[in-house]
1. Could you list, ordered by first residue, the pairs with Cβ atoms under 6 Å in which the first is in region 197-210 and under 12 Å from residue 177 (Cβ atoms) and the second is in a loop (DSSP other than H, G, I, E, B) and modelled with pLDDT of 90 or more, at least 6 apart or interchain?
2. May I ask you to list the residues in region 30-68 that are more than 31 Å from the chain's Cα centre (by Cα) and assigned to a loop (DSSP other than H, G, I, E, B)?
3. Looking at region 192-220 only, could you name the residues that are surrounded by 20 or more Cβ atoms within 10 Å (Cβ to Cβ) and β-branched (Val, Ile, Thr)?
4. Of the residues in region 26-66, how many are touching a residue at least 60 places away in the same chain (Cβ under 8 Å) and out of contact with any strand residue (DSSP E or B) (no Cβ under 7 Å at 6 or more places or on another chain)?
5. Could you say whether any residue in region 232-241 is touching a Cys at 6+ places or on another chain (Cβ under 9 Å), of a type in the set (Gly, Ala, Ser) and not in a helix (DSSP H, G or I)?
6. Pull up region 69-81, narrow it to residues that are in a helix (DSSP H, G or I) and buried (at least 18 other Cβ atoms within 10 Å of the Cβ), then point me to the one that is nearest to the chain's Cα centre (by Cα).
7. Are any residues in region 82-112 farther than 22 Å from residue 71 by Cβ and either part of a loop (DSSP other than H, G, I, E, B) or modelled with pLDDT of 85 or more (or both), and if so, which ones?
Amino acid sequence: MDMEGWGYVVAPARVFKNRREKILYMCLLEEAAFAPFGSLKTGEALINVTELARDASIDVKKVRYSLKKLEEAGFIKTRRLKQNRGLIVTILNYEKLQNTKNYGKKKAPAPEESGELTEHQGKGEDMQEQGKFKNIPEYAEHLKKQSVSDEDTLKDALEAAELKNMNLSSEKEIDKFADMIIKMGALPEGVKKGILVKYLDCIRLTRSHCKISAKLLANHLEKMSKYSVDQLHYAMWTHAEHYDDKREKYTLGILRNTDDHKARQGLMKLMNRGGKRNDEQFSTYPKAVGKIQSGSSQEVERLEALAREKGLSGKIRDTHCDF
């Protein structure tokens, strides 16, 4: 086979978190300009993220996420062109990487020059490279100090931090997990942490061993995220207040059968009745709705008792669930 004129690219052995990042890096390395070409400088590649995702058969959100992590790890640098004309990706230290004289029995270059990692750095300062997070609370504390991209998802973050198989076994861990949910924007903005913690802990306690997988909750929250804040508050509060023996699918049944108007009405009734969850998480609702105790519940109880005496009460059908 005649390979004259084919050219070549030097692909150094580098440490990547997963194969997706390795594949993307190798694609970028191959497409980078070996010498200045047009508007591109040495080591630069012009890409369209959507096309790259399609050609590599990878979800576009995961491609963006991996590019961000490669940049944070010091492998690449990105610059978005105006008018949506693409993304310029620079392979850091490209010329050194392509110079074969730099390989062999030589003293390893400084980490800031090569992008390689020292023993003290472990696998880098980025959360996906470190593998230092032993549990959800530890990672949640780390996230508080970090900026989070809109493209980051809760499931991606758990996978990157190697916590997707971690079980939550206490209300304290649920509380920290709720911090993650809010920080990552896994649910619509405005969801109150207090009711979220009570709800998730209620779901945890439906398991016989009182432990629940973080990955399972992340998948469940993704299904819930398409509903409004009022719908979520009503469904979570109702579930935790009245159906704490049922699992998370029951909440989806409530959501499917509750529109915004019905959710707001339901929240008013729950708060006026002074339910167990009537505390600071709903302090932003009108005082007349959230704090005044209603006497209507006593009247309802009286009428229900009277109906029972007359033999008029029957089995009440549960209208919240449709499965």
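The values are calculated or read from the model by the stated rules, or taken from the named source; none is laboratory data. Note that the coordinates shown come from a computational prediction; the quantities given were computed from them, not determined experimentally. Don't worry about glycine lacking a Cβ; one is built from the backbone with ideal geometry, like all the others, and counts go over all protein chains shown.
1. 203/248
2. Answer for region 30-68, where residues must be more than 31 Å from the chain's Cα centre (by Cα) and assigned to a loop (DSSP other than H, G, I, E, B): 32, 33, 34, 35, 36, 38, 39, 41, 42, 43.
3. 195, 197, 203, 212
4. Looking only at region 26-66, we keep the residues that are touching a residue at least 60 places away in the same chain (Cβ under 8 Å), and these are 28-29, 32, 34, 61-62, 64-65.
Subset that is out of contact with any strand residue (DSSP E or B) (no Cβ under 7 Å at 6 or more places or on another chain): 34, 61-62, 64-65.
Here the count works out to 5.
5. No, every residue in region 232-241 fails to be touching a Cys at 6+ places or on another chain (Cβ under 9 Å), of a type in the set (Gly, Ala, Ser) and not in a helix (DSSP H, G or I).
6. Step one: list which residues in region 69-81 are in a helix (DSSP H, G or I), which gives 69-72.
Subsequent filtering for residues that are buried (at least 18 other Cβ atoms within 10 Å of the Cβ) retains 69-70.
Values: 69: 15, 70: 18 Å.
The selected residue is 69.
7. 99, 103, 104, 105, 106, 107, 108
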